[in-house]
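Okay, structure first, notes after.
The values are calculated or read from the model by the stated rules, or taken from the named source; none is laboratory data. Remember, predicted model here, so these are calculated numbers, not experimental data. Methodologically, a virtual Cβ is constructed for each residue, glycine included, from the backbone with ideal geometry; neighbour enumeration extends over all protein chains shown. For the accessible areas, the whole protein counts, side chains as well, though only heavy atoms, and no ligand, DNA or RNA atoms are used. Shrake-Rupley method; radii C 1.70, N 1.55, O 1.52, S 1.80 Å.
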Amino acid sequence: RSGDLLDNRGSVIADAGPSSASDSSQGPMLIRPDRLYAHGESHTMCEKRWPSRPFSAAHATCVENLFKEVEVWEWCSFTNVRRKSNTEPVLHRAARMIDHFNRCNTLSQQCGQLSLAVAEIHVKEDSDEQADLFRRIMDGAPLIEDGDRRMVACGYREPKKRNEFWKLWLLVVPAGCDNPQRLMEPMHLEHANLFKEGNAFKRVYRMELIFSFAVPTVERCTLRCIDDIKRNGYTFTDGCGLVSAPLLKAIKQRYLALHHGLSLHRQRQIWDATCVQIRILGYKGNIVLDPRLTGEQLQLPRSMRKYTVPGIDDEPNNIGKDVVIDGWPIEVVDVSSESPARVPQQVMQVLEGNGCTRASAEILKSQDEHLNTLYDLLDKPSVEKALSAHLSLLLDEGLTDNRRMFRNKLLAGFDPAIDTHMRFFLEAQANEQTKRLCRAVPLEQSWQCMQVPDWHEVLPEGTIYIPFAPPEAEYAVIAKSPLYEVGNLRKLRVVKPEDYPQLRHHRGCIVLSTKGARPESDMAFGSDFDGDEPWVSTNPACIPDGQTPEPQDYRCENILPVFGQADLAINLGDFVQKNWRGGNQGRINNALMRAASEGKEKMQTPEYAELARCFSQEIDAIKSGQHVKMDRVTKLEDKLLALPHGRSPAEPKFLAYDEYLKLKNPNLSQRLMEVDSLIGKVFARGFQQHERLACIRHIVHKLDSDLEVAWGRQDENLKTRLLLSAKNFWIAYKNQRQRSSHSESQEVPRGELRREALKRYNAPRIAPRDTFIQDQRKLACDRAHALGVDLEWFALAMYMEKYQPLMQNAQLDRCSFPWDLVAQELISIKLKFSSTRALVIDQRVLQDLVKVLQGGHGVVGRQSQATRDDHA
């Protein structure tokens, strides 16, 4: 099948080297793909909703021409692929795929130019529409029709978060194309030898890599496929390769050139990093610096190869042979760096199961400190506290529009003790942080970063190299979520850099030994080195007294391959249908966490170990096609928890509430119970604090003195006119806002893909609320012009019209009007009439801020290791 397609590849391989390229004496094979990009002018962005005529229940939201020159998340129309310069941050693999297919494949040329789209599908479970969806995918029938175009499923994007919908990639073909399905397989098979994979589910699972997101960097390297380090049936280097220093430097230079707006601290992290997660050809995983390599060498083990590319690396045995890749970019997914991490719930349970009583005390103490600081921030707000909280959020999550407004008001001299709008912002942040503190708590000397194997094979068994560990650290623990058994927490001895000079070049990652009978990464609940980021801590309170036991083997045996039909459309339909519901991971996880919360004795039972193995098998089910049977889970759950028919008389509170602290099932409100375990205590304290925060009321007691002075200097007649106009404007604003909110609630849910795309490109949001605010601001400008005054004075009139009655009646402030319309104008007036030109900060607070900048944990949540230059 692949051989037939090679005849249609045109000049994809311009120079495949001499016929004896397999002989190393003839030099490396040269791979030079044909022109990957078409150059030209850029396109503008617009949005279009496609009617779903054949499939009436599928709501597809597509964005057309969204930065067409680089990547389109919801709508890829690459009929005329265009690219600006080298300043765009992303390039989708789908862009290259459809561009090459349009130019080089005779089937495409016969049917006309093709393009790609991706749609978010909303259907009811077990409905006729859902059955129709699966049938159309398998039959290659159009899911969406629009005039002279038909859209046929050709790929998928699995939901990555809870409550997300499935996304399907669609091949857009002209209506005159008789059999669109005959175009889908050639398009895939020109880029991936998918049928070399016998398991039909894994075949489709690999298909997702073709449509993956990555950042293109260096387009030339010398690739060599090497053997993994293997022992006892385990792969000690699973998913991690090697890269030379010059090539890694070029990759990072290109990556930084494509990413504008990164903080200085993040730029330094990338610059210093020695581990990068990449994708090139059919390879996926991490690459780590090896000073022994020279030139543009890239050595990737066989475990990184997910599929082969026709004509490039599809030889039966290409181990040790150099291939010069020219014109095919090394795509960067992420760059490893250490960042302070919170202790998640499952790690708390395993720490408790290993007898780390000091860790429990330290975690509860840290949570109390953060919760009290958050409550004090709202109960007794001040400029200093607000500045510290703002800086913490800025370091942790970056600058958003709301945070920029808050910062500008803070620097202009607005006092959060008086300004209720600023307290709204602080309340939102405090609530968000409190919700996080219910489930994960910051702890000193705890980080999260990627893990890499010791390719030098110098680390003894049971040791770890942590470049950023404190000099006094003797032991460390690592854990990779999810984890359930006490042995999934690995206690390792920390080695000193002077004892192992071969490893001193590593930065921003941890190095695990490749010696012993079993990899430490595998014992951390089956993790590997292709991008996993474990939790690592050198905090003495988290170190168990004895050595943690070895957990069971999670490799699934007796799993037969599912060959299926050699038809990608049928394979795709089977895959989506089998995995649409998401499996039984949630139920197994809840049973394990509830059992662990009842004591470590439950964690040592055979039923608990078997359930943990079921969870591991369920994770692999998306690739194997074999989900765990529910009757097996029910029997284990009944025996483990001593429940009649799997039913519980009460549900632990930490399991009954979701991440928004809302009951998952309202019927459980009368069947909740507290558990006397660490995660039960952490959740109870956080939940109680969340309820305390809800009792704080933002009553208007005073107006801003500078704005009052500015208002007092206006003519009385003018003030009367302004107030009357502002009153009418506010009434119209509230009515229009209510109608707009009702209209939004009646619309089809807007695609998450679109929001994600706009966020990735830093593009202006074009959401209904943004449009409403823009329209209202324009109306305010027109109203000010009609009154013959600057917008600043009309903004001040809106402020006085709203806040004067609230102050006189000691009422609550319930909305952000007029700040969301005219914040900059009010800030400008404040600066003109301010009696104070600089913030006066207490020396103690300044010292705390310096500690935050130097990398310690701040007052709100997890902090980054920032420097003074970031926020000078």
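Below is a table of values for the structure above.
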item	result
Any strands (runs of 3 or more DSSP E) falling wholly within the stretch 283-384 and containing at least 1 residues that are closer than 30 Å to Leu592 by Cβ and out of contact with any His (no Cβ under 6 Å at 6 or more places or on another chain)	283-289, 331-335, 339-344
Lys515 vs. criteria outside any helix (DSSP H, G or I), open to solvent by 40 Å² or more (accessible area, probe 1.4 Å) and touching a Pro at 6+ places or on another chain (Cβ under 7 Å)	yes
Residue selected from the stretch 427-439 under the condition buried (at least 23 other Cβ atoms within 10 Å of the Cβ) and among the aliphatic types (A, V, I, L, M), by the criterion nearest to Lys702 (Cα to Cα)	Ala430
Residue selected from the stretch 211-233 under the condition within 30 Å of Asp567 (Cβ to Cβ) and open to solvent by 10 Å² or more (accessible area, probe 1.4 Å), by the criterion modelled with the highest pLDDT	Phe211
Single residue of Asn590, Asn579, Asn571 found to be polar (S, T, N, Q), touching a residue at least 40 places away in the same chain (Cβ under 8 Å) and more than 30 Å from Ile210 (Cβ to Cβ)	Asn590
Among (1) farther than 22 Å from Trp166 by Cα; (2) of a type in the set (Phe, Trp, Tyr); (3) within 26 Å of the chain's Cα centre (by Cα) - the single one Tyr608 does not satisfy	(3)
Some residue of the stretch 698-719 being out of contact with any Lys or Arg (no Cβ under 6 Å at 6 or more places or on another chain), open to solvent by less than 50 Å² (accessible area, probe 1.4 Å), among the basic types (Lys, Arg) and modelled with pLDDT of 90 or more	yes
Boolean, Lys734 is assigned to a helix (DSSP H, G or I) and surrounded by 13 or more Cβ atoms within 10 Å (Cβ to Cβ)	no
Scope the stretch 661-693; condition free of Cβ contacts under 8 Å to residues at least 24 places away in the same chain and assigned to a helix (DSSP H, G or I); matching residues	Pro666, Asn667, Leu668, Ser669, Gln670, Gln688, Glu691
Yes/no for Val323 being more than 29 Å from the chain's Cα centre (by Cα), of a type in the set (A, V, I, L, M), open to solvent by 20 Å² or more (accessible area, probe 1.4 Å) and over 30 Å from Arg692 (Cα atoms)	yes
Of the criteria (1) farther than 24 Å from Gly686 by Cα; (2) at pLDDT 90 or above, which one Gly413 fails	(2)
Pair list, Cβ < 6 Å and 6+ apart or interchain, from the stretch 229-242 residues that are more than 23 Å from Gln297 (Cα to Cα) to residues that are part of a loop (DSSP other than H, G, I, E, B)	Asn232/Ala517; Tyr234/Arg518; Tyr234/Pro519
Test: Pro329 is over 30 Å from Gly586 (Cβ atoms), touching a residue at least 60 places away in the same chain (Cβ under 8 Å), touching a strand residue (DSSP E or B) at 6+ places or on another chain (Cβ under 9 Å) and open to solvent by less than 20 Å² (accessible area, probe 1.4 Å)	yes
Some residue of the stretch 800-815 being open to solvent by 10 Å² or more (accessible area, probe 1.4 Å) and at pLDDT below 60	no
Meets criteria (basic (Lys, Arg), farther than 19 Å from Ile287 by Cα and modelled with pLDDT of 95 or more) for Arg493	yes
Complete set of residues in the stretch 682-722 that are among the basic types (Lys, Arg), under 30 Å from Ser366 (Cα atoms) and in contact with a helix residue (DSSP H, G or I) (Cβ under 8 Å, 6 or more places away or on another chain)	Arg685, Arg692
